[in-house]
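The values are calculated or read from the model by the stated rules, or taken from the named source; none is laboratory data. Quick caveat: nothing in here was measured; it's all calculated off a predicted structure. When we count neighbours, we look across all protein chains shown, and the Cβ atoms used for this are built from the backbone with ideal geometry, even at glycine.
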Amino acid sequence: MTDIMPVGERQPIAPPVDETGPLGWARKNLFSSWGNGITTIVLIGAVGWILAWFLDWALFTANFTASTGAECRGSGACWALIREKYRYIFFGSFPYEQHWRPLFAVIAMLAMLVMSADRRMWNWRLLVIWGVGSFVTFLLMFGQIHIPLSLILFVAVVGGAIGLTLRSALAAANERAAYYALIGIGIVGLALRIAGVLPKWSIAIAPLSYVETSLWGGLPVTLILATYGLAFAFPYGILLALGRRSNLPLIKGLCVGFIELIRGVPLISLLIMASVMLPLFLPSGTTIDKFLRAQVAVILFAGAYIAEVIRGGLQSLPKGQFEAADAMGLNYLQKTLLIILPQALRVVIPPLINTFIGFFKDTSLVLIIGIFDFLNTANQALVDPNWAGFPGEVYLFAAFVYFIFCFSMSRYSKYLEVELNKGTRR
Amino acid sequence: MAATARDLSKVESVIQLKDVNKWFGQFHVLTDINLDVKEGEKIVICGPSGSGKSTLIRCINRLEEHQRGDIIVHGVTLSNDVKNIEAIRREVGMVFQSFNLFPHLTILDNLTLAPIWVKKTPKKEAEEIAMSLLNRVRIPEQALKYPGQLSGGQQQRVAIARALCMRPKIMLFDEPTSALDPEMVKEVLDVMIELAREGMTMICVTHEMGFARAVADRVIFMDRGEIVEQNEPEEFFANPRNERTKLFLGQILHNH
């Protein structure tokens with residue numbers, strides 16, 4: 001035997017030190033050669049010069065108090081314009097003295113989004129949060145909500161069906177009976193309603209004056225379009241992605257066809273179709289709110305993109321995961337919900353949030369069909385002849401607001417990646 | 001030895017394959033396979049790679065679909081009927097070469113998932129069963145970790161415990177030690193030997209001839225989609241009759 005030092009008796013040797021403090025770091029990374037040093041100095045100089053110029057324009061020589069555009073001339077940024085117009089930019093043509101309503105609607109939506117960002121809420125609480133949040137938002141925006149009987153019955157059927165499918169494995173007998181009862185009551189009620197036995201009746205909740213969607217504008221419009229657009233497009237995209245991988249040729253064909261068709265046209269053309277062409281096909285007398293049509297167009301469009309992102313995640317899973325789930329006797333729904341989607345969605349968080357951010361900004365295209373989203377109201381604020389000539393300030397302000405939302409989403413994506421991969425990293 | 005302990009001819013068959021044929025495209029991967037597995041019987045299937053041995057056991061729980069012939073598991077004939085397939089999968093546990101644990105679930109959740117969702121076992125009871133099985137495969141302390149934090153041998157033992165959680169009547173092993181580092185093979189084989197001694201019906205695709213000698217009632221040699229030869233292990237290793245068997249045994253035993 002040769003002599004081998006027993007494990008554990010060897011003195012640990014520290015790794016070699018090549019970075020000694022910030023100075024060492026700078027020497028290594030910024031000034032490692034003459035060329036690097038000169039580049040660093042030139043770049044720092046350029047950034048400093050631009051920053052100085054910008055601060056001078058945006059702060060030191062800026063005008064915050066002018067009462068007309070003319071007073072602003074000759075000085076730096078005309079923030080007085082924003083001060084004058086911010087309520088229009090944020091809330092559009094919503095009746096001026098009622099602006100507290102869209103303000104609280106925005107707060108309600110943000111609260112809803114922040115709460116549902118927390119992973120601990122991802123259970124039945126999410127339904128409550130979205131139910132309450134949406135109700136408050138739309139009650140504030142509309143002022144009055146009429147819930148028709150047929151909608152209540154429809155929700156009963158859907159709710160019962162969802163409960164039955166998702167809880168089939170765990171529900172006790174009387175819980176299952178309750179789901180059947182819900183479905184039964186819903187279907188019988190709907191049939192009676194269609195037959196005309198039940199009257200056209202609705203629950204009216206009307207604490208405020210009614211404000212129609214054509215008067216909505218600004219930030220709440222952008223937030224509603226993006227939030228509900230993505231909230232519906234996400235599950236819809238999941239279904240499309242699963243359908244595209246289905247073994248049933250008809251379902252697969254439909255999903256592929258839909259995805260390719262929607263992806264192949266610009267969102268603008270889809271919006272124009274929804275706003276101009278769709279009414280032509282509807283029977284005369286029926287109208288669908290323009291805002292709703294735009295919302296549906298956004299959902300369909302986003303759904304196709306999200307589907308392709310999620311399909312990437314589904315394809316990245318090893319075949320063994322599907323086989324293991326099959327071999328245990330899980331059915332398709334269990335396999336998909338418990339094994340496949342949790343893993344596939346984790347993989348696609350970065351591209352998914354990327355798509356979300358893209359769509360948040362793409363909602364501004366609704367200005368094409370005359371809906372006043374945040375960018376459009378900002379744009380309209382420039383029309384005032386008293387304040388002509390300061391587009392830079394307004395667009396910079398709009399860009400800043402968009403940036404806050406998009407950057408938050410980006411940070412959230414980072415948090416989610418870390419949070420969901422806790423412990424599972426190799 | 002288990003094989004000599006009782007007369008298998010009097011025991012009921014739990015798996016029957018009759019003239020099973022399967023093609024992958026034009027490639028005839030299984031040719032006229034006939035196999036009868038008795039309750040409690042331990043079968044080891046070996047053969048060169050591409051001989052169809054994995055495909056054969058994957059047909060038994062319908063991970064692969066055979067095109068001709070009959071496969072009867074526990075009296076149920078396999079067909080496209082989803083209910084039949086799910087019923088059979090509840091009775092048949094499977095262990096894969098690449099473990100296939102679910103990386104997003106803890107070890108304990110990996111084990112309790114199928115009992116809770118497929119068998120509707122109450123969560124608490126499922127967890128008790130899972131812990132007792134983790135004890136049996138000697139890694140109860142890993143219950144709250146994730147699969148990625150375990151060694152290959154530990155993962156494969158978890159995979160065995162996960163299959164056992166469903167209280168299967170039959171266990172299928174598809175090269176369970178082939179993906180393991182050499183020093184981990186034994187810990188997995190020990191668990192499998194223990195399981196065999198307890199009377200589980202097992203079909204195991206493996207090249208571990210020591211395992212075959214220790215527990216198998218029958219060793220089956222497959223080549224080019226056919227069952228070439230089958231015999232009791234002693235006889236199989238001592239006097240292989242077919243030339244292809246001799247060649248194959250010469251190649252693998254050379255390495256042991």
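Of the numbered conditions (1) surrounded by 22 or more Cβ atoms within 10 Å (Cβ to Cβ); (2) in a loop (DSSP other than H, G, I, E, B); (3) among the polar types (S, T, N, Q), B:GLN155 satisfies every one except a single condition; which is it? Going through the list (1) surrounded by 22 or more Cβ atoms within 10 Å (Cβ to Cβ); (2) in a loop (DSSP other than H, G, I, E, B); (3) among the polar types (S, T, N, Q), B:GLN155 breaks only (2). Among the numbered conditions (1) free of Cβ contacts under 8 Å to residues at least 40 places away in the same chain; (2) crowded, with 21+ Cβ neighbours inside 10 Å, the only one that A:ALA294 does not meet is (1). May I ask you to list the residues in the range B:77-106 that are hydroxyl-bearing (Ser, Thr, Tyr), touching a helix residue (DSSP H, G or I) at 6+ places or on another chain (Cβ under 8 Å) and crowded, with 18+ Cβ neighbours inside 10 Å? Within the range B:77-106, B:SER98 is the sole residue that qualifies.
Of the residues B:LEU56, B:LEU35, B:LEU17, the single one that is surrounded by 22 or more Cβ atoms within 10 Å (Cβ to Cβ), out of contact with any Ser or Thr (no Cβ under 9 Å at 6 or more places or on another chain) and under 25 Å from B:GLY210 (Cβ atoms) is B:LEU56.
For the residues A:LEU242, A:LEU225, the requirement of being modelled with pLDDT of 90 or more and under 16 Å from the mean Cα position of the chain (by Cα) singles out A:LEU225. The residues of the range A:326-349 that are among the β-branched types (Val, Ile, Thr) and without any contact (Cβ under 8 Å) to a residue 40 or more places away in the chain, listed by number, are A:ILE339, A:ILE340, A:VAL347, A:VAL348. Consider the range B:69-102 and keep the residues that are touching an Asp or Glu at 6+ places or on another chain (Cβ under 6 Å) and under 19 Å from A:ALA324 (Cα atoms). The one that is nearest to the other protein chains (Cβ to nearest Cβ) is B:PHE96.
Are any of the residues in the range B:55-68 among the polar types (S, T, N, Q) and at the interface with chain A (Cβ under 9 Å from one of its Cβ atoms)? Scanning the range B:55-68, I find at least one residue that is among the polar types (S, T, N, Q) and at the interface with chain A (Cβ under 9 Å from one of its Cβ atoms), so the answer is yes. The residue of the range B:135-145 that is nearest to B:ARG167 (Cα to Cα), among those that are more than 14 Å from chain A (Cβ to nearest Cβ) and in a loop (DSSP other than H, G, I, E, B), is B:VAL137. When B:GLY199, B:GLY148 are checked against the criterion of being away from chain A (no Cβ under 14 Å), touching a residue at least 40 places away in the same chain (Cβ under 8 Å) and surrounded by fewer than 22 Cβ atoms within 10 Å (Cβ to Cβ), B:GLY199 stands alone in meeting it.
Are any residues in the range B:74-101 in a helix (DSSP H, G or I), over 15 Å from B:GLU64 (Cα atoms) and hydrophobic (A, V, I, L, M, F, W, C), and if so, which ones? Listed by number, the list holds a single entry, B:ALA87.
Do we find a residue being outside the structural domain of A:PHE291 (by TED's automatic domain parsing), free of Cβ contacts under 8 Å to residues at least 12 places away in the same chain and farther than 20 Å from A:LEU127 by Cβ anywhere in the range A:153-173? Checked against the condition, which is being outside the structural domain of A:PHE291 (by TED's automatic domain parsing), free of Cβ contacts under 8 Å to residues at least 12 places away in the same chain and farther than 20 Å from A:LEU127 by Cβ, the range A:153-173 yields at least one hit.
Evaluate the range A:64-82: report whether one residue or more is assigned to a helix (DSSP H, G or I), at pLDDT 80 or above and loosely packed, with under 13 Cβ neighbours inside 10 Å. Scanning the range A:64-82, I find at least one residue that is assigned to a helix (DSSP H, G or I), at pLDDT 80 or above and loosely packed, with under 13 Cβ neighbours inside 10 Å, so the answer is yes. Within the range B:193-216, the set of residues being in contact with a helix residue (DSSP H, G or I) (Cβ under 7 Å, 6 or more places away or on another chain), within 24 Å of B:SER49 (Cβ to Cβ) and in a helix (DSSP H, G or I) comprises B:MET209, B:PHE211, B:ALA212, B:ARG213, B:ALA214, B:VAL215.
The residues in the range B:217-233 that are in contact (Cβ under 8 Å) with a residue 60 or more places away in the chain and out of contact with any helix residue (DSSP H, G or I) (no Cβ under 7 Å at 6 or more places or on another chain) can be counted, and the count is 6.
Across the range A:272-289, a minimum of one residue is classified as in contact (Cβ under 8 Å) with a residue 24 or more places away in the chain, away from chain B (no Cβ under 12 Å) and surrounded by 20 or more Cβ atoms within 10 Å (Cβ to Cβ).
Taken together, A:VAL106, A:VAL128, A:VAL132 contain a single residue that is surrounded by fewer than 13 Cβ atoms within 10 Å (Cβ to Cβ), modelled with pLDDT of 90 or more and not assigned by TED's automatic domain parsing to the domain that holds A:PHE374, which is A:VAL128.
A single member of A:ILE251, A:ILE187, A:ILE224 is more than 15 Å from A:ILE299 (Cα to Cα) and either assigned by TED's automatic domain parsing to the domain that holds A:LEU317 or crowded, with 19+ Cβ neighbours inside 10 Å (or both), and it is A:ILE251. Of the helices (runs of 4 or more DSSP H) lying entirely inside the range A:308-426, those containing at least 2 residues that are modelled with pLDDT of 90 or more and within 14 Å of another protein chain (Cβ to nearest Cβ) span A:319-327, A:341-347. Here the range B:151-174 is the region considered, the condition is being of a type in the set (S, T, N, Q) and farther than 28 Å from B:ILE15 by Cβ, and the residue that is farthest from the other protein chains (Cβ to nearest Cβ) is B:GLN154. Within the range B:112-134, does at least one residue satisfy the condition of being within 30 Å of B:TRP23 (Cα to Cα) and either over 21 Å from the mean Cα position of the chain (by Cα) or away from every other protein chain (no Cβ under 11 Å) (or both)? No, the range B:112-134 has no match at all.
Would you mind stating whether B:SER51 is in a loop (DSSP other than H, G, I, E, B) and surrounded by 22 or more Cβ atoms within 10 Å (Cβ to Cβ)? Yes; evaluated as a whole, the condition is true for this residue.
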